[in-house]
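Chemist: Here's a structure for you.
The values are calculated or read from the model by the stated rules, or taken from the named source; none is laboratory data. Quantities reported herein were computed from a predicted structural model and do not represent experimental measurements. Cβ coordinates were reconstructed from backbone atoms using ideal geometry, including for glycine residues, and neighbour counts include every protein chain displayed. To get the accessible areas, we keep the full protein, side chains included, count just its heavy atoms, and leave off ligands, DNA and RNA. Shrake-Rupley method; radii C 1.70, N 1.55, O 1.52, S 1.80 Å.
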Amino acid sequence: FERKSQPSSDILSTKPTELSPFETALFLSGTDGFLIFDKESLQIEDYNRSLDDIFELDKTVDLRGIYISQFMMRYLAPDSANLELLMNHIPDNWAGEANFLTSSKRRFESSVKSMPFQKDQREHLLLSIRNVTEITRAKEELDIYKEKMEKAAKAKARFLSSMSHELRTPLNGIIGTSNLMLTEKNLPENIKTHINILRYSSEHMLGIINDILDFSKIDAGKLELKMKSFNLKATLDKLTNSFLNEYKSKSIELVFYADPNLEKLKVLTDEVKLTQVVANLLSNALKFTISGKVVLNVKVNNVTEKNTTLFFEVEDTGIGIAKEKHEEIFNDFVQVNDDDLRRFDGTGLGLTISEKLVKIFGGELKVESELGKGSRFYFTLTLDLAPLLQQPKEKIIAPGQVADIRGVRVLIVEDNEINAGILRSFLLKWQTVIKEARHGVQALELLKYHKFDLILMDLEMPEMDGYTTLKKVRETDSVIPIIAFTAALLENMDSLVTESGFNDYVLKPFRPAELKKKIEYYAPHRKIEYA
């Protein structure tokens with residue numbers, strides 16, 4: 001096409017009379033390519049300089065006066081989207097995609113829009129063409145990157161789950177054997193000391209594994225609060241009591257100051273995660289306190305019909321934290337005292353996890369501390385109050401009374417001989433009646449010929465895994481309690497287990513008292529026949 005010699009003022013004279021000076025300026029200076037053609041004659045009447053640039057037009061080329069179909073034949077890519085529409089009839093107020101070729105045959109992707117208007121009492125159409133090649137390419141690269149990240153996240157989750165299972169399984173053997181040995185009578189004190197060191201070291205390693213898994217879930221944004229109604233005072237009493245032996249062994253006093261109003265409050269929140277925050281702070285305080293005491297203080301700041309605002313504080317007389325490190329201590333894998341890592345062991349994740357969990361609860365974990373003068377960690381949370389509904393009565397065991405599960409018929413489905421052996425030893429000590437299967441197929445055979453009050457079943461087994469076995473069992477028996485006995489600590493463990501049909505789960509390494517309590521809860525009626 002030859003560009004006709006025409007003064008620049010004539011270009012403006014061809015603009016639609018309805019356009020204001022401002023709109024005319026936009027037409028001329030816009031980054032999108034604009035092209036105007038008569039809807040009756042289909043001849044191009046005007047276009048802006050950006051169209052020149054987008055299509056790399058030679059300055060001698062003039063598009064005015066040619067038909068819009070000629071323009072499309074010359075510049076529209078043969079495999080373009082909406083090819084037929086753009087070649088034959090462009091509708092009013094249309095928007096779509098198209099692929100064009102520049103004068104130098106460079107391909108680009110575009111977003112095309114049409115807008116009708118009147119000029120000199122004739123219908124016209126303004127066509128805008130925007131080069132979106134870079135945007136599309138960036139989007140494709142972003143999608144590819146997102147897909148890679150999702151695959152990496154899934155691979156990471158699978159790896160952590162697998163490593164959790166592989167590490168927790170031998171730890172179950174070590175901790176379980178230690179607990180069994182400690183139940184033996186007349187053990188020499190030096191042997192008890194060695195066994196306790198073995199158990200403590202194993203539980204410490206288990207704590208590190210749990211920290212890494214928790215951090216991974218929080219970092220991936222996949223940790224959700226599981227709401228449960230409970231009495232906060234009772235929960236904190238249990239927590240502080242669980243720390244007493246550790247504190248006593250270091251001659252550190254543990255004090256719990258509870259607001260008198262806390263006793264009658266029943267909150268609705270995630271009991272496990274809230275307890276984890278306080279436990280991390282108490283554990284951290286004990287680690288860095290050489291002498292003196294640690295104080296847990298919980299105050300009720302406000303109570304309404306729907307919620308309560310609580311203040312939590314853990315204060316110690318420990319080594320303290322230098323002021324310049326106050327900002328660093330909540331960072332990943334940072335120790336409070338980096339100068340002496342051998343003296344104060346740990347992953348450096350405890351405070352990080354606590355700080356992130358408090359944020360999920362809607363609060364902010366803060367610190368006040370001076371080197372050599374102890375530390376004070378505190379936060380404020382507003383928690384919903386539990387609705388005043390009739391709660392199911394729990395089985396009450398009188399103080400000093402031990403849960404009686406004698407005579408309960410238990411089927412153990414576990415492929416690992418060490419884990420099965422430890423479980424067997426405890427169940428025999430508790431005088432239960434047991435039978436064992438190494439995988440689901442054997443379990444189904446035993447269920448054909450024997451009656452059981454409860455099944456303890458591993459999830460990952462050869463021949464037939466726990467999930468498949470569960471489905472098979474439920475086809476004929478929807479009543480028998482089945483407890484998952486697993487070392488795999490998954491993100492959505494609670495929902496995964498219950499949705500699969502299990503009644504509950506016990507994590508390896510298991511706490512004997514917890515396992516015994518769950519057996520009694522799910523199989524309370526079976527008792528041994530006395531002569």
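Chemist: Roughly speaking, what is the stretch gain from Lys226 to Ser41, that is 0.36 nm per residue apart minus the C-alpha to C-alpha distance, in nm to one decimal?
Modeler: Length difference between fully extended and current span is 59.7 nm.
Chemist: So what J values fall out for the stretch 439-447 if you push phi through Karplus, 6.51 cos²θ - 1.76 cosθ + 1.60 with θ = phi - 60°, rounded to Hz, Gly and Pro as x?
Modeler: 7, x, 4, 5, 4, 5, 5, 5, 5
Chemist: Still on this structure: When the accessible area of the stretch 47-114 is computed with all protein chains present and a 1.4 Å probe, what percentage of it is carbon and sulfur? Intermediate results must be reported in sequence, preceding the final value.
Modeler: Values: 1720 of 3470 Å².
Carbon with sulfur: 50 percent of the solvent-accessible area.
Chemist: Could I ask something else about it? Select from Leu232, Thr183, Ser242 the residue farthest towards the positive end of the dipole of the stretch 171-257; place +1 on Cβ of Lys and Arg, -1 on Cβ of Asp and Glu, and compute about the Cα centre.
Modeler: After comparing all options, I get Leu232.
Chemist: Could you bin all the Cα-Cα distances of the stretch 94-248 into 5 Å bins starting at 0 and give me the percent of pairs in each, rounded to whole numbers?
Modeler: P(r) over the stretch 94-248, rounded to whole percents: 2, 6, 8, 9, 9, 10, 8, 6, 5, 5, 5, 4, 4, 5, 4, 3, 3, 2, 1, 1, 0, 0, 0.
Chemist: Do you know the relative contact order of the stretch 418-517, to the nearest whole percent, from alpha carbon pairs under 8 angstrom that are 6+ apart? Before the final figure, lay out the partial values.
Modeler: Values: 102 pairs, mean separation 21.6, N = 100.
With pairs under 8 Å counted, the relative contact order is 22 percent.
Chemist: Show me, for the stretch 226-231, the HN-Hα J-couplings you get by feeding each phi into the Karplus relation (A = 6.51, B = -1.76, C = 1.60, θ = phi - 60°), rounded to Hz, glycine and proline as x.
Modeler: My calculation for the stretch 226-231 gives 9, 6, 8, 8, 7, 8 Hz in order.
Chemist: Another question, then. Taking 0.36 nm per residue of separation and subtracting the Cα-Cα distance, what length does fully extending Arg49 through Leu371 add? All intermediate terms of the calculation are to be shown ahead of the outcome.
Modeler: On the way: separation 322, 0.36 × 322 = 115.92 nm, distance 6.85 nm.
That works out to 109.1 nm of additional length.
Chemist: Express the relative contact order of the stretch 102-226 as a whole percentage, based on alpha carbon pairs under 8 Å and six or more residues apart in sequence.
Modeler: Values: 62 pairs, mean separation 19.5, N = 125.
That works out to 16 percent.
Chemist: Relative to the compact-globule scaling 2.2 N^0.38 Å, provide the ratio for the alpha-carbon radius of gyration of the stretch 406-486.
Modeler: Working: Rg = 11.6 Å, N = 81, 2.2 N^0.38 = 11.7 Å.
With N residues counted in the stretch 406-486, Rg over 2.2 N^0.38 Å equals 0.99.
Chemist: Looking at the P(r) of the stretch 157-290, how many percent of alpha-carbon pairs lie beyond 26 Å? Provide the component values of the computation, followed by the final result.
Modeler: Numbers: 3622 of 8911 pairs.
Percentage above 26 Å: 41.
Chemist: Okay, next question. In 5 Å bins starting at 0, how do the alpha-carbon pair distances of the stretch 46-170 split up by percent?
Modeler: 2, 8, 14, 17, 14, 9, 6, 5, 4, 4, 4, 4, 3, 2, 1, 1, 0, 0
Chemist: Could you compute the FRET efficiency for Asn261 and His450, with r as their C-beta to C-beta distance and R0 at 56 Å, rounded to 0.05? Could the numbers behind the result be given before it?
Modeler: On the way: r = 53 Å, r/R0 = 0.95.
Taking R0 as 56 Å, the efficiency between Asn261 and His450 is 0.60.
Chemist: Per the Kirkwood definition applied to all pairs of different Cα atoms, how many angstroms is the hydrodynamic radius of the stretch 126-181? Write down the numbers at each step before the final one.
Modeler: Numbers: mean 1/r = 0.0644 Å⁻¹.
Mean inverse Cα-Cα distance, inverted, gives 15.5 Å.
Chemist: Next up: Within the stretch 135-205, what whole-number % of the accessible surface is contributed by carbon and sulfur, with the 1.4 Å probe and all protein chains included in the calculation?
Modeler: Details: 3220 of 5100 Å².
Within the stretch 135-205, the accessible surface is 63 percent carbon and sulfur.
Chemist: Per residue, what volume in Å³ does the Cα convex hull of the stretch 273-323 take up?
Modeler: Dividing the Cα hull volume of the stretch 273-323 by its residue count gives 96 Å³.
Chemist: Exactly which GluC sites (Glu not before Pro) in the stretch 110-188 are in a DSSP loop and have at most 13 other Cβ atoms within 10 Å? Mind showing how you got there, number by number?
Modeler: Numbers: sites: Glu123, Glu134, Glu140, Glu141, Glu147, Glu150, Glu166, Glu184; in loops: Glu184.
For GluC sites (Glu not before Pro) across the stretch 110-188 that sit outside H, G, I, E and B with at most 13 neighbouring Cβ atoms in 10 Å, the list reads Glu184.
Chemist: Considering only the stretch 93-170, what is the antiparallel percent among its DSSP beta bridges, to the nearest 5?
Modeler: Numbers: 17 of 17 bridges.
That works out to approximately 100 percent antiparallel.
Chemist: Taking the Cα of Asp384, stepping 7 Å toward and past its beta carbon, and measuring to each backbone N in the stretch 270-289: which are under 19 Å?
Modeler: Only 270-275 pass the distance filter.
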